[in-house]
Amino acid sequence: MEIRALVVGATGIAGRGVSQELLQTGARVSGISRQRDGIVPGVEHVAADLLDPASVSKAVSGLKPSHVYLTVWSRRPSEEENIRVNAGIVRTVLEALAPARSVRHVALVTGLKHYLGPFEAYVRSGANPPTPLREEQARLNLPNFYYNQEDEVYAAAERDGFTWSVHRPHTIIGKAIGNAMNMGSTLAAYASICKELGRPFKFPGSAGQWHGLSDMTDARVLGKQLVWASTTDVAKNEAYNIANGDIFRWSWMWPRIAKWFGVAWEGFERAPAPLEGQMANDAEVWKQMAAKYNLVEPNLWRVASPWHTDLDLGRPIEVMTDMARSRKLGFLVYQSTEEAFHDLFATLRAEKVIP
């Protein structure tokens, strides 16, 4: 099948992951983002302001993509604003593409907040969701911009006649500088600072996360599932969890990450020790490290997003996903999460993002 792909949010973790996979399959790929920085080599950059319908319409004019991958979101101070802005982005893109009638499939990336609730009500819906999380679990009775994004895709699919898929990764491991949700880069920066200053690499999260089971999603695995679902007939018009295929406990993983960086570590003790507090005064330290080691990004907050790592590692329950739905249909990709972290750390070091 010939694919003319449009990746919306092409410089983010998910956007880069699916761009790389699409290129490997021989697809022609265009990527929408504000800036070119972070675009995967081989992807045609399309500059647009996704909050401006006129900008989007102008940007996509003449593209005529067959497959659209929606991997973007914009963080807002309340869930009502998240709904307005992020559902609006989906609606704007699909309305701009509708006149050409070229789109055959739209894949939307959301995440486990589908089951856990939005940031401002994270795992506080009144009852903890049963784990492992399964796609058939009902929507929570809470405002959630993921639901509104899905509904925009469903409505456009009915209007324009394309197929769709929804993809719900756990925390994504991958490289994307300036990304708002990047645990891998955050832990890499934090460990590097700990090593530089002789501080212990201290687990920031809850007892539930330290002792409980978890999983994660390599951006490469997410990219493979996006392409699989968008090109496999039996996989279309479904929502899918997507994780690496292994499970672990942070009490097992944390020492292994510390060993990779050569730092002393501390586990959960009596209470969480959030990274936002631990790293609050580290911006100047990072700037000095950037000069000392010739790093490419002196702004710590473009490399690290402690607030998001604190949310994930601070959850009071264990969180893991069931992959049976896509496995039954033939998606059998597996990735070791420990190796995914190591691959990312090695890439960040080779590209002078971390020392």
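The values are calculated or read from the model by the stated rules, or taken from the named source; none is laboratory data. These figures come from a predicted structure and were not determined experimentally. Positions of Cβ are backbone-derived with ideal geometry, glycine not excepted, and every protein chain shown enters the neighbour counts. Please note that ligands, DNA and RNA were not included when accessible areas were found on the heavy atoms of the full protein model with its side chains. Shrake-Rupley method; radii C 1.70, N 1.55, O 1.52, S 1.80 Å.
Structure summary
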quantity	calculated
Peptide ranges 218-226, 10-18, 337-345 listed from the most packed, as the mean C-beta count within 10 angstrom indicates	10-18, 218-226, 337-345
Debye log10 I(q)/I(0) for the stretch 24-113, one point scatterer per Cα, at q = 0.19, 0.20 Å⁻¹	-0.97, -1.07
Ellipsoid semi-axes in whole angstrom, largest first, where each is sqrt(5λ) of the Cα gyration tensor of the stretch 87-178	27, 16, 13
All-pairs Cα distance distribution in the stretch 131-246, expressed in whole percent, bin size 5 Å	2, 9, 13, 17, 19, 16, 10, 6, 5, 2, 1, 0
Sequence-distant aspartates and glutamates (8 or more away, or on other chains) whose Cα lies within less than 16 Å of K64	E2, E44, E95, D160
Bridge type composition, the chain - antiparallel percent by DSSP, nearest 5	5
Calculated from backbone phi, Karplus (6.51, -1.76, 1.60) coupling profile of the stretch 23-39 in Hz, x at Gly/Pro	4, 5, 8, x, 6, 8, 10, 10, x, 8, 6, 5, 10, 6, 3, x, 5
Shape category assigned to the stretch 157-215 from the gyration tensor of Cα positions, a/c cut at 1.5	oblate
Value of relative contact order over the stretch 71-166, rounded to a whole percent, pairs C-alpha under 8 Å and six or more apart	41
Filter on K259/K292; K113/K202; K113/K175; K328/K352; K175/K259; K175/K292 - keep pairs with C-alpha separation over 31 Å	K328/K352
Whole-number Å³ per residue for the convex hull built on Cα positions in the chain	128
Burial order of peptide ranges 101-107, 52-58, 303-309 (average beta-carbon count within 10 Å, highest first)	303-309, 101-107, 52-58
Listed residues R76, R270, R168, most fluctuating in the chain (Gaussian network, C-alpha, under 10 Å)	R270
Helix axis angle, 337-350 relative to the chain longest principal axis, alpha carbon, degrees	80
P(r) of the stretch 141-187 over all Cα-Cα pairs, binned every 5 Å from zero, in whole percent	5, 16, 17, 15, 16, 16, 11, 3, 1
The stretch 207-268 - convex hull of the alpha-carbon atoms, volume per residue in Å³	87
Protein accessible area in the chain, 1.4 Å probe - carbon and sulfur %	49
The chain: most fluctuating residue of P41, P118, P143 per GNM, C-alpha cutoff 10 Å	P41
5 Å-binned pair-distance histogram of the stretch 286-355 (Cα, whole percent)	3, 12, 13, 16, 17, 14, 11, 7, 4, 2, 0
Gaussian network model of the chain, Cα within-10 Å springs - most flexible of T217, T321, T232	T232
